[in-house]
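Since every read-out is calculated from the coordinates, none of them should be taken as a lab result. Since the structure is predicted, the reported quantities are computational estimates derived from the model, not experimental observations. Please note: Cβ atoms are built from the backbone with ideal geometry, for glycine as well, and neighbour counts cover all protein chains shown.
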Amino acid sequence: MPEHLKTLVVILALASMAIGFARQPVYAIGIQATDFRRRYGMWLAMTLIAFLAHNFWVYMIAAGGALLLSGINEKNKLALYYFLLFAVPSISSEISGFGGIRYFFEIDYLRLLSLTILLPAALSLQTEEKRPAERMPAAFKFLLAYLVLNLLLQLNVDTFTNTLRRAFLFFIDIVLPFYVASRALNNLKDIRDALASLSVAAMILGAIAVFEFARHWLLYTPLETALGVSWGYGNYLERDETLRALGSTGQPIALGFVMAIAIGIYLYLYRLITQPFIRVIGLTVLVAGLIASLSRGPWIGAAIILLVFVTTGPRAVPRLLLSSLVAGVVLMILLQTPMGEKIVSYLPFVGDVEMETITYRQRLIEVSLAIIMENPLFGSYDFMLFLEEMRQGQGIIDIVNSYLSIALSSGLVGLTLFLSIFGSVILGIMKAMRGLASSSELHLLGRSLLATIAGMLVIIFTVSSITVIPVIYWSIAGIGLAYIRHVRSLHETKTTRVLQR
């Protein structure tokens with residue numbers, strides 16, 4: 001049997017176990033049984049089509065048709081998008097052009113999801129007549145300014161065709177996830193549904209990651225050969241002779257990013273699951289998936305997520321002290337075991353495994369800052385020429401810092417606009433939470449979103465925006481706007497009722 005069919009059997013078995021565990025809790029949280037079954041059916045369909053097509057374009061056409069049909073009966077399209085987000089790796093290929101155009105753009109699974117699920121959702125939002133007119137949020141203004149700046153900078157040094165192509169990719173990669181997430185979730189039930197779908201998808205991914213870590217076998221790596229295309233991700237990477245799991249994300253740090261974000265979201269859902277054993281198992285799967293990535297940046301991000309979540313809740317100081325005490329006890333116990341000593345050796349700041357990666361990041365910051373200071377406002381289109389000393393043994397220059405990448409290409413102006421997008425969302429969530437009871441579900445959701453966004457902003461300091469990372473942080477920022485809009489509407493309704501009395 002070909003290897004990709006062997007891995008398919010394992011993937012389906014692991015997914016079935018994860019779904020069997022998650023089914024009843026998500027029903028209790030609020031996902032309708034029919035929606036859950038339909039979404040998981042589509043997850044299975046995407047996986048089977050990818051592994052059985054044996055041709056990239058057959059896979060794209062079949063998957064695209066199935067996604068379009070599935071969207072017809074789906075009310076919460078963002079929830080469907082999240083449920084399917086990690087089903088298949090984002091293996092890509094160019095769509096050939098004609099008439100002097102070499103190719104139109106690169107298509108992959110993530111872009112297929114955007115075009116077949118998010119685009120129809122965005123068009124539907126635009127045609128809704130009952131939706132009241134609203135002022136454009138500051139975050140959306142910052143986003144548009146950020147995208148326009150990057151297009152103008154490219155147009156200054158590139159062809160109109162390439163700039164037009166990039167504008168289209170900005171639309172499907174950035175605008176659609178951000179816009180649909182911010183506008184399509186109209187109430188708490190919709191938000192809960194979307195976040196629960198993301199958590200279930202992450203649990204499936206986490207189960208697969210733990211298997212890869214334990215068995216030293218990457219389950220999605222044979223897929224690119226089966227589809228007849230070269231991806232560039234999905235390679236076997238080790239840290240101190242231990243395999244770093246990838247799942248469908250293609251990179252260990254991307255897997256760690258997904259797991260850390262899912263943990264932040266699960267801190268909200270955790271309180272809604274009534275069975276203590278079940279909710280602990282769910283958190284354990286996500287934490288195990290995070291550990292299996294062996295990625296220090298996401299580990300730090302997860303710690304930041306927990307810290308922000310605890311400090312924004314009631315009785316913050318006692319809970320923070322208790323959390324620190326528990327963490328200290330767990331660390332002391334781990335140090336008494338061989339496995340614990342190995343895990344501690346991977347930890348940032350205290351571990352000693354592959355310290356050269358930290359040295360590389362430090363040197364990258366130093367060199368990049370010197371280049372940025374040459375063109376501080378708007379960056380430089382040829383900045384890669386000045387990073388030659390950072391070329392690694394694999395022959396690549398890896399800018400493992402999303403902020404440096406932005407500042408190098410669009411300067412401090414671009415970086416300021418990028419940070420302003422998330423900063424305005426954070427401030428909006430904090431403002432919305434002020435009038436809420438600390439024991440309310442909405443306050444709990446606000447804490448979870450604040451913590452998750454803070455963790456995201458920390459993690460992308462240690463990784464470039466690759467594979468699934470950008471669509472997650474753009475869509476989570478959009479959900480932050482949906483939360484702000486929902487809380488504001490509740491306050492306005494409450495104020496109106498008081499005035500009517």
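Data overview
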read-out: Cut-off under 5 Å, modelled amide H: who pairs with Thr462 long-range; value: Ser402
read-out: Inter-probe distance in nm under a simple model that places probes 7 Å from Cα toward Cβ, at Glu374 and Leu12; value: 5.5 nm
read-out: Long-range amide H partners of Phe105 with built H, under 5 Å; value: Ile95
read-out: Environment charge at Val310 (Cβ cut-off 11 Å; Lys +1, Arg +1, Asp -1, Glu -1); value: +3
read-out: Computed over the chain: relative contact order in percent, which uses C-alpha pairs under 8 Å that are six or more apart; value: 20 percent
read-out: Simple label model, 7 Å out from Cα along Cβ direction - Tyr27 to Phe104, nm; value: 4.3 nm
read-out: Hz values of 3J(HN,Hα) by residue in the stretch 290-302 - Karplus curve (6.51, -1.76, 1.60), Gly and Pro given as x; value: 4, 5, 4, 6, 6, 10, 5, x, x, 5, 5, x, 5
read-out: Correct choice for P(r) over Cα pairs in 10 Å bins from 0, in percent that was computed from the model, options [x] 4, 17, 26, 26, 14, 7, 4, 1, 0, 0; [y] 4, 18, 30, 29, 15, 4, 0, 0; [z] 4, 15, 20, 17, 14, 9, 6, 4, 3, 2, 2, 2, 1, 1, 0, 0; value: [y]
read-out: Under Karplus coefficients 6.51, -1.76 and 1.60, residue-wise ³J(HN,Hα) of the stretch 57-66 in Hz, glycine/proline x; value: 6, 4, 4, 5, 5, 5, 5, x, x, 5
read-out: Nonlocal amide H pairs with Arg239, under 5 Å, H built at 1.01 Å; value: Arg244
read-out: Phi-based couplings in Hz for the stretch 374-388 (Karplus 6.51, -1.76, 1.60; Gly and Pro marked x); value: 6, 9, x, 6, 10, x, 9, 6, 10, 4, 4, 5, 9, 10, 4
read-out: Net charge over other residues, Cβ less than 13 angstrom from the Cβ of Leu385 (K, R count +1; D, E count -1); value: -3
read-out: For peptides 201-209, 153-161, 404-412, sequence by mean Cβ density within 10 Å, most packed first; value: 201-209, 404-412, 153-161
read-out: Helix-only mean residue ellipticity at 222 nm for the chain, each DSSP H run of n ≥ 4 adding -39500 (n - 2.57), per residue, nearest 500; value: -23000 deg cm²/dmol
